[in-house]
Amino acid sequence: MERETLDFDIVFAGAGPANLAAALHLRHLVEQHNGHCAGTRLEAEIAVLEKGRSPGGHLLSGAILDPAVMQKFMPDYREQGFPDASPVSRESVWFLSERRKFALPYLPEPFRNDGNLIVSLSEIGAWMQRLAEERGIPVLDSTAAVSPVIHDGCVTGVITDDKGRDRDGRLKSGAEPGMQLNTRALVVGEGARGSLFRQLDREFGLQPPDAGQTYETGVKEVWRIAEGRVQTGEIHHTFGYPLPPAVYGGGWMYALSAREVSLGFVTSAEPGNPVIDPHWNLQLFKEHPLVRSILEDGEMIEYGAKAITSGGYDAMPKLSGPGFLLTGETAGMLNMQRLKGIHLAVQSGMMAAETLFEALKHDDFSPSRLSSYEERFARSAAHDELHNARDYRRNFDQGLYKGLVKSGLKLAVPGILNARSTSSPKPPVPGTRTFETFTRKRSSFRPDGKLTFSREDDLYRSTTLHEEDQPCHLKISPADIRDICAGRCSEEFGNPCTCFCPAGVYEIDHEHDPVLRINASNCLHCKTCDIADPYGIITWTPPEGGGGPAYKQS
């Protein structure tokens, strides 16, 4: 099939807050320039690619927003219809044992949320997409960016997904090839562990050699509860139960209103410890008396999951390269100490837009011109925030209690513990006995369908939908299924893919050949499998555009 070719000045791959902020800010800068300039007017042909079928449908976060960034990005954002948000009214941080809770008596300044807002990221994404379209910025929904076009060592475009191939890759009736979008600059803002980023990293070596990126998996539910259980704007963060001290993670509950609560649980996702179950951890978290007392007799209305980039400042990749920029979480801009990233995503989008505006103005998209994005970041508040928090996640590499001591000392005595250390993903350590103990505990768990739920019940509330008859977007070679899934992984780890996927995508049945069944239509696009697989044989790629969840309140 011949591909249609379209030419643009700038293509934004991903319609999250970073890229939508970049597109909107760039349009504002161009219009401002043309309104005040008596000379040559600037014309910028731009497009935003969104793989989801609905605005904001693939966006998920806790989420708490530092609104200071919105004042800089769009001073009249409230008048422009910014989605309903609840100011934080009170907050608590708890250490949980299995049945009890212990409040932290004092919250250090980085953990406080005075003046911040509880928001829905999917609603913010839908709002930003509407503004972009009103300002004449085309947002191509149901269009996945699958590979960069690289010519003479420079990114010159992007290929979008084919439509209408069957599960064996053959063309169906009405099939359409993906497009080739030529561009002077490609802006990649596809969240954590994106497929375009991985391809660019292989080509240009973007990751720092001495500090590997790390990730967590966040699993979330939105509940409608009885009135009187919470106060609007009330937030709780927890650590401890149900995780052992060696595993990083924790829970949250945010009161969007007196009747709606966002809650979830974050679990470290790493190939060195693939024996994790983010979905199960969330169900156990809800059984704790603190959480149960709020949710009991309520109704769960939405479910979702996503990977979280957690390596911090020292694990950030290069932000630019020949013909491209990275924004938001793709660029590693998330502060695990503050448990926030939306404000950093918007800041990165604004800096990217200013870089692109200068490139347009000087008709210069050379690598040296695009690298001024990194200089802007180095002078920014985002840089200072991430640099100051650079050790936080790494402090917990040796467990919860050492991490609390190190983090506490760092906050109490600024400048202490400044010796640089690096962390990389730990190599997997086979441990079938550990896995057997884990699965025995998990198999005894019976969701009640009221407070706790099976993966299938939760998945239903994510409104996930894929075209069933399409090539599997989770790539594992037949040889690896035969030699690793049926052999080594089964013996060494007990096939943990059946646990670490929060959507039940992977099933193992040793009575059949092949032993691995992939339920790709369940996929929530969280990419945990690509991260936590101890052998690195699973590659997540975008499915046919439009497939995936359709979040409304996440």
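Apply the Karplus parameterisation 6.51 cos²θ - 1.76 cosθ + 1.60, with θ equal to phi minus 60°, to every residue of region 365-381 and state each ³J(HN,Hα) to the nearest whole Hz, in sequence, with x for glycine and proline.
Values, residue by residue: 10, 5, x, 5, 5, 5, 5, 5, 4, 5, 5, 4, 4, 4, 9, 9, 5 Hz.
Could you report the chain's accessible area per residue, 1.4 Å probe, as an integer in Å²?
Numbers: 22920 Å² over 554 residues.
Accessible area per residue, the chain: 41 Å².
Using 1/(1 + (r/R0)^6) with R0 = 25 angstrom and r between the beta carbons of residue 72 and residue 374, what's the FRET efficiency to the nearest 0.05?
On the way: r = 20 Å, r/R0 = 0.80.
Efficiency computed from Cβ-Cβ geometry: 0.80.
Give the span of the chain's Cα atoms along each principal axis, as three whole-Å numbers ordered largest to smallest.
71, 57, 49
Give a residue-ordered list of calculated ³J(HN,Hα) values for region 472-489 (Karplus: 6.51 cos²θ - 1.76 cosθ + 1.60, θ = phi - 60°; whole Hz; x for Gly, Pro).
Calculated HN-Hα couplings, in order: 5, 8, 9, 8, 9, 6, x, 5, 5, 4, 6, 8, 9, 4, 7, x, 4, 5 Hz.
Within region 459-523, which GluC sites (Glu not before Pro) sit in a loop by DSSP and count at most 14 neighbouring Cβ atoms inside 10 Å?
468, 511
How many nm is it between the label spots at residue 149 and residue 512, if each spot is 7 Å from the Cα in line with the beta carbon?
So the two model labels end up 4.1 nm from each other.
Could you pull out the pairs from 475/552; 51/475; 101/527; 51/318 whose alpha carbons sit more than 21 Å apart here? Walk me through the numbers on the way to the answer.
Numbers: 475/552 29 Å; 51/475 18 Å; 101/527 32 Å; 51/318 25 Å.
Distance filter (> 21 Å) returns 475/552; 101/527; 51/318.
Among the GluC sites (Glu not before Pro) in region 149-232, which ones are in a DSSP loop with at most 13 other Cβ atoms within 10 Å of the Cβ? Mind listing them? Mind dumping the intermediate values first?
Details: sites: 190, 203, 216, 221, 227; in loops: 190, 227.
Here the GluC sites (Glu not before Pro) that fit, given the DSSP loop and packing criteria, are 227.
For region 179-321, rounded, prolate or oblate, judged on the Cα gyration tensor with a ≥ b ≥ c (square roots of eigenvalues), a/c < 1.5 rounded, else prolate if a/b > b/c? If you can, show how the numbers build up before the last one.
Details: a/c = 2.90, a/b = 1.84, b/c = 1.58.
Judged from the Cα gyration tensor, region 179-321 comes out prolate (a/c at least 1.5, a/b above b/c).
Mind running the shape call on region 162-241? Use the C-alpha gyration tensor, a ≥ b ≥ c as the square roots of the eigenvalues: rounded below 1.5 for a/c, prolate if a/b tops b/c, oblate otherwise. If you can, show how the numbers build up before the last one.
Values: a/c = 2.74, a/b = 1.53, b/c = 1.80.
Because a/c hits 1.5 or more and a/b fails to exceed b/c, region 162-241 counts as oblate.
Per the 1.4 Å probe, what fraction of the accessible area of the chain, in percent, lies on carbon and sulfur atoms? Numbers along the way, then the final one.
Details: 11410 of 22920 Å².
Carbon with sulfur: 50 percent of the solvent-accessible area.
Filter the trypsin sites (Lys or Arg not before Pro) in region 499-553 to those in DSSP coil with at most 14 other Cβ atoms within 10 Å of their Cβ, and list the result.
Working: sites: 517, 527, 552; in loops: 527, 552.
Qualifying residues, ordered by number: none.
Rounded to the nearest 500 deg cm²/dmol, what is the calculated helix-only ellipticity per residue at 222 nm for the chain, with -39500 (n - 2.57) per DSSP H run of length n ≥ 4? Spell out each step's value before the answer.
On the way: 16 runs with 150 residues, N = 554.
That comes out to -8000 deg cm²/dmol.
Quote the relative contact order of region 306-346 in percent (integer), defining contacts as alpha-carbon pairs under 8 Å separated by 6+ residues. Mind dumping the intermediate values first?
On the way: 47 pairs, mean separation 15.5, N = 41.
This gives 38 percent for region 306-346.
The values are calculated or read from the model by the stated rules, or taken from the named source; none is laboratory data. The model shown is predicted, which means the values in this text are computed figures rather than measured ones. Backbone-built Cβ (ideal geometry, glycine too); neighbour counts: all protein chains shown. What goes into the accessible areas is simple: the full protein's heavy atoms, side chains included, and nothing from ligands, DNA or RNA. Shrake-Rupley method; radii C 1.70, N 1.55, O 1.52, S 1.80 Å.
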